[in-house]
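Report on the structure given below.
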Amino acid sequence: MNSKRLLPRTVDDPDDHAGLRDEVRTFLRESKESGAFTAGVDTWLTDWNPEFSRRLADRGWIGMTIPNQYGGHGRSHVERFVVTEELLAAGAPVAAHWIADRQIAPSLLRFGTEEQKHKYLPAIAKAECFFGIGMSEPDSGSDLASVRTKAVQVDGGWRITGTKVWTSGAHQADAFFALARTSPKDSAARHAGLSQFIVDLRAEGVEMRPIVSMTGGHHFNEVMMDDVFVPDRMVLGGIGDGWRQVTSELAYERSGPERFLSTFPLLAGTAEHAAAGRMSDGGIGRLMARIAGLHHMSSAIAGALRRGERADSAAAAVKLLGTVTEGDIAEYADLHLDRDAEPEQSGRYRDLVDRALLQRPGFTLRGGTTEILEGVVARELGLR
């Protein structure tokens with residue numbers, strides 16, 4: 001077996017920022033007490049609250065890693081990691097700004113033009129501009145090489161036609177990054193000929209259909225583009241460089257604490273039930289240990305991103321292990337829930353359990369299926 005290191009070196013310690021963590025915890029506690037939000041599960045995907053996002057922006061907790069000259073705060077990825085962990089652990093409503101802050105901003109910094117950076121980054125940091133992601137397509141699964149959306153060059157720009165699915169928040173977002181084919185598919189180089197575009201989701205030719213989940217909630221969408229014009233200045237990076245850019249972007253999408261903390265408010269509630277003697281099984285300790293290990297893995301990647309190191313395979317490992325853990329938390333809580341308990345004892349807790357169970361099928365699908373991620377990790381370790 002290849003002995004190369006899968007995970008980055010652990011150099012930066014999030015515990016070095018205990019003061020920042022305490023500040024965020026105080027803000028979140030006071031916000032909950034004032035009724036600004038109620039803790040939930042999977043809130044980074046499902047709980048869209050622009051007002052709350054702007055409150056975070058006012059405190060400098062959005063756009064933390066964006067340089068000052070682009071309206072950000074010039075702080076480290078590790079400091080941002082501390083803030084996002086606390087927001088997720090509290091079950092705060094952060095879906096509105098999440099995608100823009102997590103991966104759109106870093107991609108703009110790396111591949112965007114100066115015009116694009118000055119147009120979008122200050123607005124992202126102020127929680128005034130929200131983004132979606134246009135990668136997945138019908139019948140394509142996790143195989144982005146099979147992208148069929150086409151971009152045809154015309155005078156002054158490109159005309160894009162195709163359909164994207166599972167576009168979280170697109171019905172409320174301002175724009176998304178669309179991955180499209182700009183040259184014919186080459187059987188010898190399946191990922192060649194792809195490019196990225198910044199598409200205005202209110203542009204002529206854009207149509208959306210809601211995808212309603214089992215919870216009755218609407219955060220996923222099908223986005224259809226029919227000959228949508230995108231000017232040359234809204235091409236992201238280089239034509240034909242889409243696959244390289246998307247691969248880099250996925251490191252931000254897959255490695256963050258949202259990949260193992262989506263059900264943390266439920267885990268915390270389960271621990272409270274165990275402490276009150278309403279559970280006797282020791283499995284909760286094993287779940288806590290897995291979360292602790294994932295915390296260290298994810299924080300190591302945050303440090304690697306700060307240093308500009310490659311972290312895509314490590315991010316795949318965090319996503320693979322983390323989303324399985326999230327689902328196991330939901331299953332454990334359901335198995336040990338006494339549904340005949342008095343409502344005042346478990347009403348809110350039962351709601352968390354039920355919502356986590358309904359959200360669970362999506363945990364191991366979004367951001368790359370389990371099978372795809374296992375392949376990424378296996379190739380990195382020389383097993384394939």
Report, ordered by the first and then the second residue, all pairs with beta carbons closer than 7 Å, sequence separation of six or more or different chains, a first member in the stretch 74-86 that is under 11 Å from GLY303 (Cα atoms), and a second member that is of a type in the set (D, E, K, R) and part of a helix (DSSP H, G or I). SER76/ARG306; HIS77/ARG306; VAL78/ARG306
Taking the conditions exactly as written (over 19 Å from the mean Cα position of the chain (by Cα), hydrophobic (A, V, I, L, M, F, W, C) and within 26 Å of LEU45 (Cβ to Cβ)), does ALA100 satisfy them or not? no
Restricting attention to the stretch 234-277, and to residues there that are within 25 Å of LEU88 (Cβ to Cβ) and basic (Lys, Arg), which single residue is surrounded by the fewest Cβ atoms within 10 Å (Cβ to Cβ)? ARG259
Between GLY293, GLY303, GLY216, which is outside the structural domain of ALA39 (by TED's automatic domain parsing) and either touching a Gly at 6+ places or on another chain (Cβ under 7 Å) or part of a loop (DSSP other than H, G, I, E, B) (or both)? GLY216
Residue check for ALA151: modelled with pLDDT of 95 or more and under 29 Å from ASP47 (Cα atoms): no
Got a sec? Which of PHE81, PHE130, PHE37 is aromatic (Phe, Trp, Tyr) and in contact with an Asp or Glu (Cβ under 7 Å, 6 or more places away or on another chain)? PHE130
Options ALA268, ALA315; residue that is closer than 23 Å to ARG360 by Cα, in contact (Cβ under 8 Å) with a residue 40 or more places away in the chain, small (Gly, Ala, Ser) and in contact with a helix residue (DSSP H, G or I) (Cβ under 6 Å, 6 or more places away or on another chain): ALA315
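Condition check ((1) touching a His at 6+ places or on another chain (Cβ under 7 Å); (2) surrounded by 21 or more Cβ atoms within 10 Å (Cβ to Cβ)) across all residues:
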residue	(1), (2)
TRP98	no, yes
GLN103	no, yes
HIS118	no, no
ALA123	no, no
GLU128	no, no
ILE133	no, yes
ALA145	yes, no
GLN172	no, no
PHE177	no, yes
Residue under question is MET225, and the condition is that it be outside any helix (DSSP H, G or I), modelled with pLDDT of 95 or more, in the same structural domain as GLY162 (by TED's automatic domain parsing) and within 29 Å of LEU358 (Cβ to Cβ); does it hold? no
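The values are calculated or read from the model by the stated rules, or taken from the named source; none is laboratory data. What you see is a predicted model, and the numbers here were worked out from it, not measured in a lab. Neighbour counts run over all protein chains shown; Cβ positions are idealised from the backbone, glycine included.
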